[in-house]
Amino acid sequence: MWIRQAGFAGSFYPANPDKLKNDIQRYIANAKIVSLDKPVAFISPHAGYIYSGPVAAYSYAQLKDKPVDVVILLAPSHRVRFNGASVVSSGIYQTPLGEVQIDETIARKLLQNNVFQEIKEVHQYEHSLEVQLPFLQVVLPQFVLVPIIIGTIDFTTCKEIGSEIAKALQNEQRRFVIILSTDLSHYYHYDIAKKIDSHFIETLRKFDELYLYEALRSDKAQACGEGPVLAGMIASKQLGATKVEILHYANSGDTAGPKNEVVGYLSAAFVQ
């Protein structure tokens, strides 16, 4: 059995399970609950918890104790670019809070299309997927995981990835949610970052993947999880989502860092 051990416990988030759970519960307690019409997907940031945890909590607070059986988690590849997406078909992800089982049914459906590969090494050293899991473990009583890492920002490829995800979920009887892992602009001064991130948010509100892609390509809007957001938007629309709800924005200058070089964070929902 493939076991993906926690690689970033003790750096991006606490390795001690009690402290980890307490920190997440505190973040969620401080997050606002919003009345959402049938959420299909959520955007969540993926930095160290002291920086992005208070923002990520806004997405996860909406999921607290909700009836979700399957989580499809889309994350970017920070270390290597590759064409398409990588999904692991079986095994477990470990965190200090326990094990998360991989769902074989959906993963194997995805692997029938060549845009998906099973490149386990990509998952081994990627933090952007791992850091979402403890939040999910705290808010959901029980779930299985479809871990997808996207290695490209090519629009046509992201469109195919999103369409295949929607196709695999179309007749799914279990209750599911899609999580899109991304941070926004990186290492600008606080005021500049807020302008760039505001442009991303306003573009996202259009709920138009091509419009968003063009804004990202022009660099007027920025995100390190371009692939997950584009593919996730396409999948969500095909699954019935019609609009975006912005839940919370902040940057590291608001949470735990200096204001001379900040990273932007967003929680948002794609809803029907």
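No value in this document is a laboratory result; all are computed from the given coordinates. Please read all numbers here as calculations on a predicted model, not as lab measurements. A quick note on method: Cβ atoms are made from the backbone with ideal geometry, for glycine too, and the neighbour counts reach across all protein chains shown.
Expressed in nm², what is the orientationally averaged projection area of the convex hull enclosing the Cα positions of the stretch 1-156?
9.4
When both bridge partners sit in the stretch 3-271, DSSP labels roughly 50% of those beta bridges antiparallel.
Inverting the pair-averaged 1/r between distinct Cα atoms of the stretch 3-271 gives 18.1 Å as its Kirkwood hydrodynamic radius.
Within the stretch 110-225, the percentage of alpha carbon pairs spaced more than 24 angstrom apart rounds to 40%. Packing order of peptides 17-25, 53-61, highest average first: 53-61, 17-25 (average count of other Cβ atoms within 10 Å over each peptide's residues). Centre-to-centre separation between the Cα atoms of the stretch 63-142 and those of the stretch 1-51: 14 Å. Per residue of the chain, the DSSP helices (runs of n ≥ 4 H) give a summed -39500 (n - 2.57) that works out to -11500 deg cm²/dmol at 222 nm.
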